[in-house]
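Visitor: Below you'll find the structure I mean.
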Amino acid sequence: MPQNDEYRTLAANCLRMAKDTGEAGQKAMLLNMANAWLRLAHKAEKNSHSDLVYGTPDQPTPAAVQ
């Protein structure tokens with residue numbers, strides 16, 4: 001299964017669990033998680049069509065900062 005499809009499946013699972021819960025805090029957390037999975041799916045889709053990889057830059061080492 002392509003990575004973006006896997007992320008969308010995980011998002012759908014979060015949405016299903018959010019629908020089934022009555023607790024507001026848990027529902028909000030699950031909806032946020034679903035949104036994060038969908039953002040990752042979108043990035044994975046973009047990455048599959050280009051040679052560029054979208055990600056966070058490496059953190060400088062303490063020696064490089066001085």
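Visitor: Taking only the range 33-62 into account, find how many residues are within 30 Å of M17 (Cβ to Cβ) and either loosely packed, with under 10 Cβ neighbours inside 10 Å or modelled with pLDDT of 75 or more (or both). Before the answer, list the steps.
Guide: Step one: filter the range 33-62 for residues within 30 Å of M17 (Cβ to Cβ), giving 33-48, 54-56.
Subset that is either loosely packed, with under 10 Cβ neighbours inside 10 Å or modelled with pLDDT of 75 or more (or both): 33-48, 55-56.
Qualifying residue count for the region: 18.
Visitor: Does M33 meet the test of being in contact with a helix residue (DSSP H, G or I) (Cβ under 8 Å, 6 or more places away or on another chain), under 24 Å from T56 (Cβ atoms) and without any contact (Cβ under 8 Å) to a residue 24 or more places away in the chain?
Guide: Details: in contact with a helix residue (DSSP H, G or I) (Cβ under 8 Å, 6 or more places away or on another chain): yes; under 24 Å from T56 (Cβ atoms): yes; without any contact (Cβ under 8 Å) to a residue 24 or more places away in the chain: yes.
Against the criterion (in contact with a helix residue (DSSP H, G or I) (Cβ under 8 Å, 6 or more places away or on another chain), under 24 Å from T56 (Cβ atoms) and without any contact (Cβ under 8 Å) to a residue 24 or more places away in the chain), M33 qualifies.
The values are calculated or read from the model by the stated rules, or taken from the named source; none is laboratory data. Predicted model, so just to flag it, every value in this text is computed and none were measured. Cβ sites come from the backbone with ideal geometry, for glycine too, and all protein chains shown count toward neighbours.
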